[in-house]
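One structure is given here, and the rest of the page talks about it.
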Amino acid sequence: MLQTKKSPEQILFIFLGIWTILNIIQASFVEVHADEAYYWVYSRFLDWGYFDHPPMVALFIKLGDMLLPSTLGMRFLTVLTSSLSVFLLWKIVKPYGENIKLFILLFSAVVLFHVYGFITTPDSPLFFFTILFFYVYQKYVASDQLKWALLLALVIACLLYSKYHGILVLFFTILSNLKLLKRPSFWLIVGVAILAFLPHIWWQVENNYPSFYYHVIDRSAAFYKSRYTTEYLLAQLALAGPLVGWFMYRAAVVLKTPDAFIKAIKVNFYGVFIFFLFSTLKGRVEAHWTLPGMICLFILAYLYLSKRTVPKWFERLAMVNIVLILITRIILLVPVPALMKIGVVAYYFGNETWAKQIHEKAGDAPVIFTDSFQVPSKYNYYTRSTKGFGYDSRNYRKNQYDIWPLEDSLRNKRVYLALPYSRGLSEQDTIETAKGLYYGTWVDSVRMYQKVSVNPVEIPAVLEKSRPLTLKLKISNPYDQEIFLGNAGQKWACVLEYGYERAGDLGEFRIVKANLDKLRIPAKQSVILDAEIRTPEVPGKYKLIFSLRTAPFAGSRNSNMISVDVK
């Protein structure tokens, strides 16, 4: 009996089956990444927005966790949408060249595609909705029909709800085809997409634009370091495939086509990678931020190679590349003792054991960790609770723990403070954990004011050096109960302090000259406090920070990063 040759679709579905099974295994048995645990806590507090990101990742996790309350459940929608993304990618490129073996070879060689085959972060829905956007946009460019316009509008909204990087995809797509502005349906798309995205915009307004301040202001480095750029360039080569990525970039650049849709892919390719290249001038760029550009790289490289005879050496290198990736995926599943000394490998092991070891000491009491949103999130995930809290000192960045109602529930309660370093206290516990030594201390009647806002009503943009400066400080109480900043009758003293950051260095904090003795602020209200601080002794550009410090904590950042120029 003669065997019939398998069609491209049959080969594709065989690959999809293998890809899905591989990702299910990985999703089930690889311990959660700390960022995933953070987004799992997102899903416990569903909202229209979060400090760092829009809410789509929380919805992904919530739906999967409801179906399968497990590590697989957390990643279930990522696994499904990853397989659907492969199918849509094939539908996008098939009209330009039908070479399914090349398609599978190239897709499997891209490191970043493997990561978002099972890991659930905001990039997971971004990956899916970027590809879905290109698929629907391809239809819309070819046929200006109402159904494609409305579908495109909804996909755009989902793209923006996934990650703010989706804005780049939209901008570069429009830039590639300005004739779209003449289509009445284009403006319908804009209107519907904005309408669908309004709840998130309103969330930002209500919460004083935390995402804007974090991504645009707080993340900017004080000065440029050349390694930001070199690390970025090397990472992009590695994520495209450590052995074959360079050739894929060459193919994408060399490809020439008058096709309007492919022009959009090409402009996105250049736009995304160049945008983040320039972003290295103002700070460190995470390698995976170029994910939309990597999708475009894959499409362009496939189109170029599908029209030509693929070099045998490239096929061999690609296969070795894929084998290396598969070995790496296996290493994340099976703890190899010889490799556990490598930090990036050890990172994925021992987290559940660590959480249980801390929980044995703390019991059902709340546990406070300091200067991390990841550590308390891992504790929360593996204890299936929200009893882990991240206290963010003035030396650390703000995050969603500064917004959630968790702090409110700790005030005046007995909590367990767990630190990876000793505070030299005789009554502290020493805990041997899978992640090293931790030191635990019981804290009675917690007093903290992380959410209280302390900002000058107005401040000169230019200050004279080494001078006293009189200010009126607006202190806002966001809590549902009155707060008292005086120390009469309080176990833990509260001190209002200020400090200056310069070139990334946060100097010594000093006490603000102000009378807090009788300062009571009713719930949801603000007061104006007369205060005096001193300007820096050395001229330069600084960021002024106000902090409320209550023992035994280091003091939180209670103001914006206030830019001042000292002459």
Q) Where in segment 508-567 are there strands (runs of 3 or more DSSP E), lying fully within it, with 3 or more residues that are at pLDDT 95 or above and over 33 Å from the mean Cα position of the chain (by Cα)? A) 526-534
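Only one of 513, 543, 518 is of a type outside the set (A, V, I, L, M) and in contact (Cβ under 8 Å) with a residue 40 or more places away in the chain; which?
543
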Q.
Looking at segment 450-481 only, could you name the residues that are under 21 Å from residue 519 (Cα atoms), assigned to a strand (DSSP E or B) and not charged (D, E, K, R)?
A. 453, 454, 455, 456, 470, 471, 473, 475, 476
Q) residue 51 passes all but one of (1) assigned to a helix (DSSP H, G or I); (2) touching a residue at least 60 places away in the same chain (Cβ under 8 Å); which number fails? A) (1)
Q. How many of the residues in segment 427-438 are over 16 Å from residue 355 (Cβ atoms) and either among the β-branched types (Val, Ile, Thr) or at pLDDT 95 or above (or both)?
A. 1
**Q.** Residue, farthest from residue 16 (Cα to Cα), within segment 128-149, restricted to residues that are touching a Gly at 6+ places or on another chain (Cβ under 9 Å) and hydrophobic (A, V, I, L, M, F, W, C)
**A.** 133
Q. Only one of 451, 472 is touching a helix residue (DSSP H, G or I) at 6+ places or on another chain (Cβ under 7 Å) and under 27 Å from residue 526 (Cβ atoms); which?
A. 451
Q) If you take the residues of segment 317-336 that are of a type outside the set (A, V, I, L, M) and more than 15 Å from residue 246 (Cα to Cα), which of them is surrounded by the most Cβ atoms within 10 Å (Cβ to Cβ)? A) 329
Q: Take segment 152-206 and flag every residue that is closer than 17 Å to residue 142 by Cα and not hydrophobic (A, V, I, L, M, F, W, C).
A: 173, 176, 177, 179, 182, 183, 184, 185
Q: Check whether at least one residue in segment 76-86 is in contact with a helix residue (DSSP H, G or I) (Cβ under 8 Å, 6 or more places away or on another chain) and assigned to a loop (DSSP other than H, G, I, E, B), and report yes or no.
A: no
Q: Just need a number here: residues in segment 458-483 that are over 24 Å from residue 405 (Cβ atoms), within 33 Å of the chain's Cα centre (by Cα) and at pLDDT 95 or above.
A: 1
Q. All but one of (1) assigned by TED's automatic domain parsing to the domain that holds residue 419; (2) of a type outside the set (A, V, I, L, M); (3) free of Cβ contacts under 8 Å to residues at least 12 places away in the same chain hold for residue 489; which doesn't?
A. (1)
Q. Within the set of pairs 6 or more residues apart or between chains, which connect a residue that is farther than 19 Å from residue 78 by Cα inside segment 147-164 to a residue that is outside any helix (DSSP H, G or I) with Cβ atoms less than 9 Å apart?
A. 149/183
(Q) Quick test for you: out of 154, 175, pick the one residue that is out of contact with any Ser or Thr (no Cβ under 8 Å at 6 or more places or on another chain), part of a helix (DSSP H, G or I), at pLDDT 95 or above and closer than 23 Å to residue 43 by Cβ. (A) 154
Q. What residue, among those in segment 221-241 that are outside any helix (DSSP H, G or I) and in contact with a helix residue (DSSP H, G or I) (Cβ under 6 Å, 6 or more places away or on another chain), is farthest from residue 272 (Cα to Cα)?
A. 241
Q: Give me the pairs, please: first residue somewhere in segment 467-479 and buried (at least 21 other Cβ atoms within 10 Å of the Cβ), second residue anywhere and hydroxyl-bearing (Ser, Thr, Tyr), beta-carbon distance under 9 Å, and either six or more positions apart or on two chains.
A: 473/559; 475/453; 475/526; 477/449; 477/453; 477/526
Q | Answer from 134, 129, 107 - the residue that is part of a helix (DSSP H, G or I) and in contact with a Cys (Cβ under 6 Å, 6 or more places away or on another chain) | A | 129
Q. Does segment 229-248 contain at least one residue that is surrounded by 15 or more Cβ atoms within 10 Å (Cβ to Cβ), on the phi > 0 side of the Ramachandran plot and not β-branched (Val, Ile, Thr)?
A. yes
Q.
Of everything in segment 5-36, what is closer than 20 Å to residue 81 by Cα, aliphatic (A, V, I, L, M), assigned to a helix (DSSP H, G or I) and touching a residue at least 12 places away in the same chain (Cβ under 8 Å)? Give them in sequence order.
A. 11, 12, 16, 22, 24, 25, 27
Q: Search segment 59-86 for residues that are charged (D, E, K, R) and pair each with any residue that is part of a helix (DSSP H, G or I) and crowded, with 18+ Cβ neighbours inside 10 Å when their beta-carbon atoms are under 6 Å apart and the residues are at least 6 apart or on different chains.
A: 62/43; 65/73; 65/74; 75/27
Q.
Every residue in segment 486-500 that is under 22 Å from residue 561 (Cβ atoms) and among the aliphatic types (A, V, I, L, M), please.
A. 495, 496
**Q.** Residue tally, condition closer than 29 Å to residue 207 by Cα and buried (at least 17 other Cβ atoms within 10 Å of the Cβ), over segment 515-540
**A.** 5
Q. Is there any pair with a first residue in segment 296-320 that is in a helix (DSSP H, G or I) and a second that is among the polar types (S, T, N, Q) whose Cβ atoms are under 6 Å apart and which are 6 or more apart or on different chains, and what are they?
A. 296/268; 306/99
Q) Which ones in segment 393-431 are among the charged types (D, E, K, R), surrounded by 14 or more Cβ atoms within 10 Å (Cβ to Cβ) and farther than 15 Å from residue 478 by Cβ? A) 394, 397, 429
Q | Residue count for segment 185-205, restricted to those that are within 12 Å of residue 54 (Cβ to Cβ) and β-branched (Val, Ile, Thr) | A | 1
(Q) Against the condition surrounded by 14 or more Cβ atoms within 10 Å (Cβ to Cβ) and touching a Phe, Trp or Tyr at 6+ places or on another chain (Cβ under 6 Å), how does residue 549 come out, does it pass? (A) no
Q.
When you scan segment 332-349, do you find a residue that is under 18 Å from residue 119 (Cα atoms), among the aliphatic types (A, V, I, L, M), in contact (Cβ under 8 Å) with a residue 24 or more places away in the chain and out of contact with any Ser or Thr (no Cβ under 9 Å at 6 or more places or on another chain), even just one?
A. yes
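The values are calculated or read from the model by the stated rules, or taken from the named source; none is laboratory data. Predicted, not measured: the structure shown is a model, and the values here were computed from it. Quick reminder, even Gly has a Cβ in these numbers, built from the backbone with ideal geometry, and neighbours come from all protein chains shown.
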